[in-house]
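I have placed the structure first, in the form of structure tokens, so that the comments after it can refer back to it.
The values are calculated or read from the model by the stated rules, or taken from the named source; none is laboratory data. Everything quoted here is computed from the prediction, not taken from an experiment. Heads up, the Cβs are rebuilt from the backbone with ideal geometry, glycines too, and the neighbour counts pull from every protein chain shown. These accessible areas exclude ligands, DNA and RNA; they are computed on the full protein's heavy atoms, side chains included. Shrake-Rupley method; radii C 1.70, N 1.55, O 1.52, S 1.80 Å.
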Amino acid sequence: MKPSWILTVAAAGAVLLSTSSASAHHSFAAEFDRNLPITVTGTVTKVEWMNPHARFYIDAQDEAGKTVNWDFELASPNGLMRRGWNRNSMKIGDVVTVTGSRAKNNPLVGNASTVTLATGKKLFAGSSAENEATQ
């Protein structure tokens, strides 16, 4: 192989990798509606501390009294740590109150803006809505 061929293949691979990462991320407005505010109180059932967004799930009661499982998006783990979070800020079994915005196409998915723990401590969730509002 000629050296120029190797560089061409390497460059094409880099473009493909960067394109797939960029398309995996979404804007707030693509998935969530800031005109659909929500406040949900429930028990944490799962916490996913990974990029591009940390997520957590809570069991809460719907209007009919049925237990439903909510899926909430947070900022990236790095962004959360800059706001004072750590992996143990929210644990399975914790009761939390979440404020944020509902997803456009899924009634049990939301983008969290604040999470209030049972102790009363309020954590800013680094909502991507805040980032878009300042751009």
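Using only the heavy atoms of the protein chains and a 1.4 Å probe, how would 73, 63, 31 rank by accessible area, largest first? Walk me through the numbers on the way to the answer.
Details: 73 0, 63 180, 31 55 Å².
In descending accessible area the options line up as 63, 31, 73.
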Which cross-chain or sequence-distant (5 or more) residues have an amide H under 5 Å from the amide H of residue 123, H modelled 1.01 Å from N in plane? 115, 116, 117
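Any idea of the accessible area per residue across the range 30-135, 1.4 Å probe, to the nearest Å²? Each step should come with its number before you reach the end.
Details: 5780 Å² over 106 residues.
So the range 30-135 comes to 55 Å² accessible per residue, rounded to a whole number.
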In the neighbourhood of residue 56 defined by beta carbon distances under 14 Å, the net charge of the other residues (Lys, Arg +1; Asp, Glu -1) is -1
Taking 0.36 nm per residue of separation between residue 88 and residue 71 and subtracting their Cα-Cα distance, the length gained on full extension comes to 4.3 nm
